[in-house]
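Only the coordinates and a few stated rules stand behind these numbers; no lab work does. The structure displayed is predicted, hence computed values, not measured ones. For neighbour counting, all protein chains shown are included, and Cβ atoms are generated from backbone atoms with ideal geometry for every residue, glycine included.
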Amino acid sequence: MGETKYIVVETPMGGSEAIIFGSLLSHKEVAKNYHVLSAGFCTLGDNGEYSVWGESVSLGIKSKKEHVWILNKLG
């Protein structure tokens, strides 16, 4: 089973939203219509909160720990 990937994108109204997806897609494929603020990999912990790490090689964008709250509001 592959790793879970994520991107945080800017919304048209100036906010931020997270998109979480599986390893069969590349960050670049998912991000093609968005302005990406951060990208990498994520894990949902036993406590029900996400952690993020790494980077998207295809986008050349790193994960940002300060964006983890955006992923956590999905749950």
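Could you please let me know if Gly22 is without any contact (Cβ under 8 Å) to a residue 40 or more places away in the chain, at negative phi and of a type in the set (Gly, Ala, Ser)?
Here the answer is yes, as Gly22 does meet what is asked.
Could you please give the count of residues in region 10-51 that are farther than 14 Å from Leu74 by Cα and surrounded by 14 or more Cβ atoms within 10 Å (Cβ to Cβ)?
Within region 10-51, residues that are farther than 14 Å from Leu74 by Cα and surrounded by 14 or more Cβ atoms within 10 Å (Cβ to Cβ) number 12.
Being in contact (Cβ under 8 Å) with a residue 24 or more places away in the chain, out of contact with any helix residue (DSSP H, G or I) (no Cβ under 8 Å at 6 or more places or on another chain) and farther than 11 Å from Tyr6 by Cα is the filter here, so list the residues in region 30-56 that pass it.
Tyr34, His35, Leu44, Gly48
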